[in-house]
1. Does the range A:125-136 contain at least one residue that is surrounded by fewer than 18 Cβ atoms within 10 Å (Cβ to Cβ) and among the acidic types (D, E)?
2. Among the residues of the range B:297-330, what is the count of those that are touching a residue at least 40 places away in the same chain (Cβ under 8 Å) and not in a helix (DSSP H, G or I)?
3. Looking at the range A:174-246, what helices (runs of 4 or more DSSP H) fall wholly within it and have at least 3 residues that are of a type in the set (S, T, N, Q)?
4. If you check A:H91, A:H18, A:H32, which single one turns out to be more than 13 Å from DNA strand D (Cβ to nearest atom), modelled with pLDDT of 85 or more and not small (G, A, S)?
5. Run down B:R60, B:R71, B:R43 and say which single residue is more than 10 Å from chain A (Cβ to nearest Cβ) and among the basic types (K, R).
6. What's the number of the only condition in (1) buried (at least 24 other Cβ atoms within 10 Å of the Cβ); (2) at negative phi that A:G253 fails to meet?
7. Return the pairs, sorted by first residue and then second, in which the second residue is hydroxyl-bearing (S, T, Y) and open to solvent by 10 Å² or more (accessible area, probe 1.4 Å), the first residue lies in the range A:216-238 and is within 17 Å of A:E262 (Cβ to Cβ), the beta carbons are less than 6 Å apart, and the residues are 6+ apart or on different chains.
8. I'm checking my understanding of the structure. Among residues of the range B:49-73 that are aliphatic (A, V, I, L, M) and within 12 Å of DNA strand C (Cβ to nearest atom), which one is farthest from A:E35 (Cα to Cα)?
Number of protein chains: 2
Amino acid sequence: MSDESQLGLDAEHPGDLHQHDDLLIEVARRYHFQEQSKIDIARDLGISRFKTARLLTEARDRGAVRITLHRPRERWTGLAMRLKQAYGLQHVVAVNMHGASMKQLRAGLGREGALLLQQYLTNEDVLGVGWGRTVKAIADQVSTLPKCNVVQLGGIAGDPGENSIELVRILSSHSGGRAFPLYAPLVVPNEDTAKSLKGSPEISSTLDRFRDVSVAVVAVGSWEPPNSQLRMFCTRDDRAAMTAAGVKAEICGVLLDEDGNEVETPLSPRILAMTSSQLRRVPTVIAVAGHTSKTEAIHAVLRGGFANMLVTDTQVARELLAMHERTATE
Amino acid sequence: MSDESQLGLDAEHPGDLHQHDDLLIEVARRYHFQEQSKIDIARDLGISRFKTARLLTEARDRGAVRITLHRPRERWTGLAMRLKQAYGLQHVVAVNMHGASMKQLRAGLGREGALLLQQYLTNEDVLGVGWGRTVKAIADQVSTLPKCNVVQLGGIAGDPGENSIELVRILSSHSGGRAFPLYAPLVVPNEDTAKSLKGSPEISSTLDRFRDVSVAVVAVGSWEPPNSQLRMFCTRDDRAAMTAAGVKAEICGVLLDEDGNEVETPLSPRILAMTSSQLRRVPTVIAVAGHTSKTEAIHAVLRGGFANMLVTDTQVARELLAMHERTATE
DNA sequence: CGCTAAGGTGCTCATATGAGCGACGAATCG
DNA sequence: CGATTCGTCGCTCATATGAGCACCTTAGCG
């Protein structure tokens, strides 16, 4: 019958297909995530409203837009809402993971984090990516992102297969944008090494991108119990010093005390990652962390104002609310 | 502030909440999967069109409806379409799993199968569930189904954790309907045992449901190479007899030759499962099977007309098309 | 008992959207 | 070269939909 059958892949002009698909994705994203009307989308993208409509039906038919139904277990909207108001956050997701294992918990946080990312990220954003297993869980569950660049926020940490470079690679492949990895360890042996690395072209080219990051996804590490990637780089003395200095939390390589103030430590100059002042300047910082062992750390991060969106579990959310009441009334 | 905070769970009248949520799900399903207009839904369910609209926004806000975007890799719609026409099927999904491991392949088939199920199943359906790891993969990826009953189509086979009863349990919990398990092995030692079991009340109550099954999800087993759950129940003589009889495929406990004709074997009377004539009477039979080792078996099943929907991978789809050309021109 | 506040309901009217149609351009074929 | 076919585009008009409002019920309270 038809002659294009051989490969099932229509060979059009080289770039055409991808241009078309990119437009498809963009339209679908605006319609479903940004809740723009088809007429608005048409005006914004300079196409007719009929074309928008046709692209949207094509998106559905080709499986680009997928809809799933979930039976909502609780009406915990209220919980997330209260937490949002208590800490003055922009958005909170509290996923009900009662009785789940750590692995399941991470998967749950990953799912929600991926969803949030897909909904908030736009074409013009630059995505900054932290590290850790929780962030990895997000990368694993992301399906498609708007076409934006992806910047690694800190040097390599963690096992191969879940290190920061891998995360940046995965996420940029999902977005179709450029990847800016950092080919250096998260913590280097001494300050001089850090300085010389920061000066080298392939490192600084990524560091220079930090100023453009508009959305950052980062994990939160607790210091006590040891739940931070940083801890493995410390000597015993370092650790003692830091515990003495009151370090309670870690976000993106920044160490915080229980009130969310940054703590200067001997480790600080040796860290290759976004600095606290840079992090503060990122418009949207999504902190993803769960399990009650991290409640204190998350509390510190939120008090310090280092994140404006939070993905966590309901258990932690409840504890955070209680903790906030306590500190507020003191 | 508010007094309902303690549990984050608003205590309404006992059943009200679930009734509300069920309605929510039903409306969302009709709107998103069945593409009914809000006005139609309102009329069908006897509510106002405003209420439908409000339920739909609530569904989104509470995360009951989730939308994900995927970058379509190929325009292989044509492949699925051609396969659909070649074998006269109602629906074909060919997922591109090039270079994937068996585990990944199964996960991919599971995802697509789950999606298909969620889209086709309605409130009035009765879901029949086969067995095997592929069907398990579907159950694992289903999130929510319309409220329908779930019937086990054959006795227990496979390891605990992926046996048929477990599947029925999982799926019915997702649908909220009743589960009809079969507490008996798939193959019993002899015909008499089979007969007496079929007569026992708790078995026959499920067997009686077979006539009501409107949608069946089943795997396809190949006989050569050994890819059927049945094979493990055979003696060496049985196997030889069956290979000699030209058995090439197995679907839902029914053994077929290469042309899709049922083959009577010594095993047949000992099997506790839906019969071939019952299977033929099911309006919608979704066969889920991938990997090229099963191509021949799938071909036989389709030729025999035992399934009208197919979920497979692109590689198998191509082989099936080629195989169909060959048998058609002979 | 009446008053008030809150949540839920269905209305009106302006607007967004879908179905179907003819126009246009590109590729194909005689 | 002209004719035909196919796919895409944007139009019209009937219809579906959303924003905002008025109404009703319910519950809380003096």
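1. no
2. 10
3. A:201-207
4. One residue alone meets the criteria, A:H91.
5. B:R43
6. (2)
7. Here the result reads A:G221/A:S228, each pair linking the range A:216-238 to a residue that is hydroxyl-bearing (S, T, Y) and open to solvent by 10 Å² or more (accessible area, probe 1.4 Å).
8. By that ranking, first place goes to B:L55.
The values are calculated or read from the model by the stated rules, or taken from the named source; none is laboratory data. Keep in mind the model is a prediction, meaning the values are calculated, not measured. Neighbour counts run over all protein chains shown; Cβ positions are idealised from the backbone, glycine included. Heads up: the accessible areas ignore ligands, DNA and RNA and are worked out on the full protein's heavy atoms, side chains in. Shrake-Rupley method; radii C 1.70, N 1.55, O 1.52, S 1.80 Å.
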